[in-house]
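Trainee: Pasting a structure below so you can have a look.
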């Protein structure tokens, strides 16, 4: 196992980047909140079975509630916004770019809520990141369609949701086994997407090969496989390598979107993507998070 650890961080980032691509596959045929409800239900059922087979005990009610609240933000509202945005035409690479500001937002929110130190590089990184996002979005923002408020705003709210959820996790969810904790997070994530599905959707899915592939991939490879790969990285002490590579997620997603769906970005937008990655990396590159969080598709 040890000899493969060096390839695990880039493998994890590659897998995590495919979450946005999975959304792109499914959203033409499935309503976002209905699809996510099914995804979270299946992921919870699988992880609950894993917990039962491992003999792990479920945490106390207060800790379980905090894990569910974190999950409703980190998975439910975050992915709900991403899938809604992609459903309404947002480029998968642009969606990844917007939510890629999450590490800096976490640092700023944690400084306010948890009293953690905020350094000048955080502000500089956020400024560079926002400038890069602006280069990508503003040229087409007024034209509606792919860059209209109906899909850009949910993506921005997704970045805020996962950032607040990460701080909530750091503040209230500590010492929880990753298997039970992740299962409870998916259970909590069911609440907002389930309510939105019941309130605003027909809860219909046009089943075909793309939808089945996306569901199987997102549940088994992302919600289960990537989580347990992350567990191995935690055990082997390679989490910092994942953190340094996560800034490549928008670029990897943009490349996958181009190869699989023909999604394109202009030269100015590619420049903006690069500036955003540099800004986030500059702000966060030397940090060693105590409890890294996942934010993917």
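Trainee: Out of (1) loosely packed, with under 14 Cβ neighbours inside 10 Å; (2) at pLDDT below 75; (3) assigned to a helix (DSSP H, G or I); (4) under 19 Å from the mean Cα position of the chain (by Cα), the odd one out for residue 291 is which?
Mentor: Among (1) loosely packed, with under 14 Cβ neighbours inside 10 Å; (2) at pLDDT below 75; (3) assigned to a helix (DSSP H, G or I); (4) under 19 Å from the mean Cα position of the chain (by Cα), the lone unmet condition for residue 291 is (3).
Trainee: Here's something else I'd like to know. Need a quick list: helices (runs of 4 or more DSSP H) entirely within region 1-107 having at least 1 residues that are in contact with a strand residue (DSSP E or B) (Cβ under 8 Å, 6 or more places away or on another chain) and buried (at least 24 other Cβ atoms within 10 Å of the Cβ).
Mentor: 32-54
Trainee: Kindly indicate which of 273, 265, 256 is under 18 Å from residue 134 (Cα atoms), surrounded by 15 or more Cβ atoms within 10 Å (Cβ to Cβ), out of contact with any strand residue (DSSP E or B) (no Cβ under 8 Å at 6 or more places or on another chain) and at pLDDT 75 or above.
Mentor: Testing whether each residue is under 18 Å from residue 134 (Cα atoms), surrounded by 15 or more Cβ atoms within 10 Å (Cβ to Cβ), out of contact with any strand residue (DSSP E or B) (no Cβ under 8 Å at 6 or more places or on another chain) and at pLDDT 75 or above leaves just 273.
Let's see how each residue does on (1) at pLDDT 60 or above; (2) in contact with a helix residue (DSSP H, G or I) (Cβ under 6 Å, 6 or more places away or on another chain); (3) part of a helix (DSSP H, G or I); (4) buried (at least 17 other Cβ atoms within 10 Å of the Cβ):
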{"residue": "207", "(1), (2), (3), (4)": "yes, no, no, no"}
{"residue": "212", "(1), (2), (3), (4)": "yes, no, yes, no"}
{"residue": "215", "(1), (2), (3), (4)": "yes, no, yes, yes"}
{"residue": "222", "(1), (2), (3), (4)": "yes, yes, yes, yes"}
{"residue": "225", "(1), (2), (3), (4)": "yes, no, yes, no"}
{"residue": "229", "(1), (2), (3), (4)": "yes, yes, yes, yes"}
{"residue": "233", "(1), (2), (3), (4)": "yes, yes, yes, yes"}
{"residue": "240", "(1), (2), (3), (4)": "no, no, yes, no"}
{"residue": "245", "(1), (2), (3), (4)": "yes, yes, yes, yes"}
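Trainee: Here is a follow-up. Keeping to region 146-182, report how many residues are under 19 Å from residue 99 (Cβ atoms) and in a helix (DSSP H, G or I).
Mentor: Summing the residues that are under 19 Å from residue 99 (Cβ atoms) and in a helix (DSSP H, G or I) in region 146-182 gives 24.
Trainee: Can you pull out every residue in region 170-190 that is touching a helix residue (DSSP H, G or I) at 6+ places or on another chain (Cβ under 6 Å) and free of Cβ contacts under 8 Å to residues at least 60 places away in the same chain?
Mentor: 178
The values are calculated or read from the model by the stated rules, or taken from the named source; none is laboratory data. From a predicted model like this one, the values you see are computed outputs, not experimental measurements. Counting neighbours? That spans all protein chains shown, and the Cβs are built from the backbone with ideal geometry, glycine included.
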